[in-house]
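Working notes, beginning with the structure itself.
The values are calculated or read from the model by the stated rules, or taken from the named source; none is laboratory data. Computed from a prediction, not measured in an experiment: that's the story for all the values here. Positions of Cβ are backbone-derived with ideal geometry, glycine not excepted, and every protein chain shown enters the neighbour counts.
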Amino acid sequence: MTDDHAATSEPMIQLLTPEGERLRPDGHDWLLDDDALRATYRDLVLVRRLDVEATALQRQGELGLWAPLLGQEAAQVGSARAMAPQDHAFPTYREHGVAWCRGVDPLRLLRLFRGTDGGAWDPAEHHLHLYTIVIGAQVLHATGYAMGVQRDGAVGTGDPARDAAVLAYFGDGASSQGDVSEAFVFAGVANAPVVFFCQNNQFAISVPPERQTRLPLYRRAAGFGFPGVRVDGNDVVAVHSVTSAALDRARRGEGPTLVEAYTYRMGAHTTSDDPTRYRTHADVEQWRERDPILRVRRYLERSGSGDPAFLAGVEAEADALAERLRAEVRALPDPPPSAIFDHVHHAPHAQVDADRAWFEQYQAGFEPEEVRR
Amino acid sequence: MTAVSLAKALNTGLRRALEADPKVLVMGEDVGRLGGVFRVTDGLQKDFGDDRVIDTPLAESGIVGTAIGLALRGYRPIVEIQFDGFVYPAFDQLVSQLAKMTYRSAGLLRVPVVVRIPFGGGIGAVEHHSESPEAYFAHTAGLRVVACADPADACTTIQQVARGDDPVIFLEPKRRYWDRADVDDAVLDGSLVREGRAPDPYLARIVRPGTDATLAAYGPTVRTALDAADAAAADGRSLEVVDLRGLSPLDLHTLVGSVTRTRRLVVVHEAPVFLGMGAEIAAAVTERCFYHLEAPVQRVGGFHTPYPAARLEEHYLPDVDRVLDAVDRALAF
């Protein structure tokens, strides 16, 4: 495996081993009690199911594309569950687990990938910005948002309901983008309350991290003047612990942190990708042993807090979610053609209005049965 | 009335915008302590603090990208790009992020970012300091693009766009920064804009009425067109000059009204003629005025070359003679 050297020679925080055993590293607290861990397990299972279901829906032609998160459930659920309600996250296009934890109906995500609309949930309601497709662009938005949080006086007051932080998601590939380095510069200079959360899933489509960086990504933070840390991205307890600490630090006004969640994209880059061209079956199998859900299940079973009835209940819930999503996606109507012209600007714009008027007149010129909806 | 330079008029307009709304920010390279390389933001940091008038790191994509984030948090950043040729590192943030944020959020998000760009040549600068990038932005749906031409217009328009909910590319004619003109006190004290008495900033205005041909210009070439109209008047020709102001939206109504009367149109800009604003204007006016036109629409502008070295720019930039040459061609038809 290409990453073994990096994985074993660099310090990486882990609280729950792949075998489901609890570790007690100094300085990193296990913050999830049994109830919270059960709820986290439920999130992991449901998120994986919605992801698998979406991949299937794409294969059936119901979605134009899907970007699977398979293998990254712990990195996403663990980090998103570390957020306070008033914290704000800026996702890439693969953060389905984050969206889930922020209360976004998965149908919204499917609308985006089906192409019925931009997938717009209300970012203010969920404290989650929209997906960003251009790699790394959102990391600057997160940094600017955090600069706004500072100006609102919502940092370092000590009021846990007021102090807020921003969580910026990006990947190992994005780390090469200028926008990400610029975000590090701006955040460092401003001491902005932002946590840079890099899911190193080992692939920028096909290209491995050693083609993006000469040194482990988390160590890059030192050059920008803030701490960086690598966490086992498949260990939801460790991700939650490390991200919680980084968000707390940001809310206290102590500035940014770079968290590198070391994980593995088990699925394709998107449903248009063919990973067999750039990695072996053995690579994937090795990571399957580090599965992010299995280790939680093992722990729950061993500790007795995950009894068979609970585990079966979660599975039944996942089945129901998949069934609902299947039905609702298939029932989604195409938007009316005139929706093309909606919301280009807030204020009226003569050119958009003229294009709309022309199009409506053009449409009206057809016999009723010829009009496409 | 007070005589002020265009740069000072913009400075006053920015001051009024900062006073009017505590969410308004000014950010860019050297805008704070230095007051901007053209002094347009002179004194603003001293009076409004470095939290609101921000000397940013030297990274244009970072400036626009963080401005978007600030806008998403409820702020109203007015960004300065130091020179036209330095806007390109921010191109993705402008055309893919800023321009589309409203659309892809189905109107749920507001990103009221104003991007000020000193544009155009004529100051003897080194390369990348004299460009006219307006067509890139006018071509991009989701951005509003407006150019100011004189001190009163500049002071009014910057105050207006700072109050809107849409992203705006605000083009400043850098070789006219030092031009002085009388400005109404109601413009300078902000009352005209505050009370909603200023005209729509995207509407064109007839800055000189005439009968024989229309000159359409914006930004720095409005002055050129007015000078050409003066020279033509000495030859007994009456030229109407239209300052387009808005490039997106483009006020075709005013322009078509003018051309319907004068029957001839010459479009003047510094940007290359090929696929420049004049190309769209020529097509749009021809579609609407085909039976009124006595001559094909003439375009006067830069050449399909990179902006030349400073010692050559007087030959590159459209001047009074090039405008009058085009007027001659239009009138000869």
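Answer yes or no: is there a residue in the range A:137-160 that is touching a helix residue (DSSP H, G or I) at 6+ places or on another chain (Cβ under 8 Å), more than 8 Å from every other protein chain (Cβ to nearest Cβ), crowded, with 24+ Cβ neighbours inside 10 Å and in a loop (DSSP other than H, G, I, E, B). Looking through the range A:137-160, none of the residues is touching a helix residue (DSSP H, G or I) at 6+ places or on another chain (Cβ under 8 Å), more than 8 Å from every other protein chain (Cβ to nearest Cβ), crowded, with 24+ Cβ neighbours inside 10 Å and in a loop (DSSP other than H, G, I, E, B).
So that you can scan it fast, the table gives a plain yes or no per residue for (1) in contact (Cβ under 8 Å) with a residue 40 or more places away in the chain; (2) over 16 Å from B:Met277 (Cβ atoms):
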| residue | (1), (2) |
| --- | --- |
| B:Arg176 | yes, yes |
| B:Leu188 | yes, yes |
| B:Tyr202 | yes, no |
| B:Ala234 | no, yes |
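Select from the range B:247-273 the residues that are over 21 Å from the mean Cα position of the chain (by Cα) and assigned to a loop (DSSP other than H, G, I, E, B) and write down the one among them that is surrounded by the fewest Cβ atoms within 10 Å (Cβ to Cβ). Ranking the qualifying residues of the range B:247-273, first place goes to B:Arg263. Among the conditions (1) more than 8 Å from chain A (Cβ to nearest Cβ); (2) among the β-branched types (Val, Ile, Thr); (3) not in a loop (DSSP other than H, G, I, E, B), the only one that B:Val37 does not satisfy is (3). Pairs meeting the criteria (first residue in the range A:333-349 and buried (at least 16 other Cβ atoms within 10 Å of the Cβ), second residue small (Gly, Ala, Ser), beta carbons under 6 Å, at least 6 apart or on different chains) are A:His343/B:Ala106; A:His343/B:Gly107; A:Val344/B:Ala141; A:Val344/B:Gly142. Exactly one residue among B:Ala138, B:Ala125, B:Ala162, B:Ala147 is among the small types (Gly, Ala, Ser) and within 22 Å of B:Val207 (Cα to Cα), and that residue is B:Ala147.
Listed here are the residues, each with its yes/no results for (1) under 18 Å from A:Ala168 (Cβ atoms); (2) at pLDDT 95 or above; (3) in the same structural domain as A:Ala261 (by TED's automatic domain parsing); (4) not polar (S, T, N, Q).
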position	(1), (2), (3), (4)
A:Asp51	no, yes, yes, yes
A:Gln60	no, yes, yes, no
A:Leu65	no, yes, yes, yes
A:Glu73	no, yes, yes, yes
A:Arg94	yes, yes, yes, yes
A:Gly119	no, no, yes, yes
A:Leu128	yes, yes, yes, yes
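Return yes when A:Ala320 is in contact (Cβ under 8 Å) with a residue 24 or more places away in the chain and of a type in the set (Gly, Ala, Ser) and no when it is not. No: the conditions fail for A:Ala320. Determine whether the range B:274-287 contains at least one residue that is surrounded by fewer than 21 Cβ atoms within 10 Å (Cβ to Cβ), closer than 22 Å to B:Arg176 by Cβ, within 14 Å of chain A (Cβ to nearest Cβ) and touching a Leu at 6+ places or on another chain (Cβ under 7 Å). No, there is no match, as no residue in the range B:274-287 is surrounded by fewer than 21 Cβ atoms within 10 Å (Cβ to Cβ), closer than 22 Å to B:Arg176 by Cβ, within 14 Å of chain A (Cβ to nearest Cβ) and touching a Leu at 6+ places or on another chain (Cβ under 7 Å).
For (1) surrounded by fewer than 23 Cβ atoms within 10 Å (Cβ to Cβ); (2) charged (D, E, K, R); (3) without any contact (Cβ under 8 Å) to a residue 40 or more places away in the chain; (4) assigned to a helix (DSSP H, G or I), each residue gets a yes or a no:
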{"residue": "B:Thr66", "(1), (2), (3), (4)": "no, no, yes, yes"}
{"residue": "B:Gly74", "(1), (2), (3), (4)": "yes, no, no, no"}
{"residue": "B:Pro89", "(1), (2), (3), (4)": "yes, no, yes, yes"}
{"residue": "B:Asp92", "(1), (2), (3), (4)": "yes, yes, yes, yes"}
{"residue": "B:Ser130", "(1), (2), (3), (4)": "no, no, no, no"}
{"residue": "B:Tyr136", "(1), (2), (3), (4)": "yes, no, no, yes"}
{"residue": "B:Thr140", "(1), (2), (3), (4)": "yes, no, no, no"}
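The listed residues are A:Ser181, A:Ser244, A:Ser175, and the only one of them that is assigned to a helix (DSSP H, G or I), assigned by TED's automatic domain parsing to the domain that holds A:Tyr145, touching a strand residue (DSSP E or B) at 6+ places or on another chain (Cβ under 9 Å) and not hydrophobic (A, V, I, L, M, F, W, C) turns out to be A:Ser175. Quick check on the range A:304-325. Is at least one of its residues outside any loop (DSSP other than H, G, I, E, B), under 22 Å from the mean Cα position of the chain (by Cα) and among the small types (Gly, Ala, Ser)? The answer is yes, given that some residue of the range A:304-325 is outside any loop (DSSP other than H, G, I, E, B), under 22 Å from the mean Cα position of the chain (by Cα) and among the small types (Gly, Ala, Ser).
If you scan the range B:295-307, which residues turn out to be in contact with a Ser or Thr (Cβ under 9 Å, 6 or more places away or on another chain) and surrounded by fewer than 19 Cβ atoms within 10 Å (Cβ to Cβ)?
Passing the criteria: only B:Pro296.
Taking the conditions (1) under 24 Å from B:Phe38 (Cα atoms); (2) within 12 Å of the chain's Cα centre (by Cα) in turn, B:Asp179 satisfies each one other than (2). As a summary of the residue check, A:Val344 satisfies the conditions (1) more than 14 Å from chain B (Cβ to nearest Cβ); (2) outside any helix (DSSP H, G or I) except for the one numbered (1). Apart from one condition, A:Leu107 fits all of (1) under 28 Å from A:Ala245 (Cα atoms); (2) part of a helix (DSSP H, G or I); (3) out of contact with any Gly (no Cβ under 7 Å at 6 or more places or on another chain); the exception is (1).
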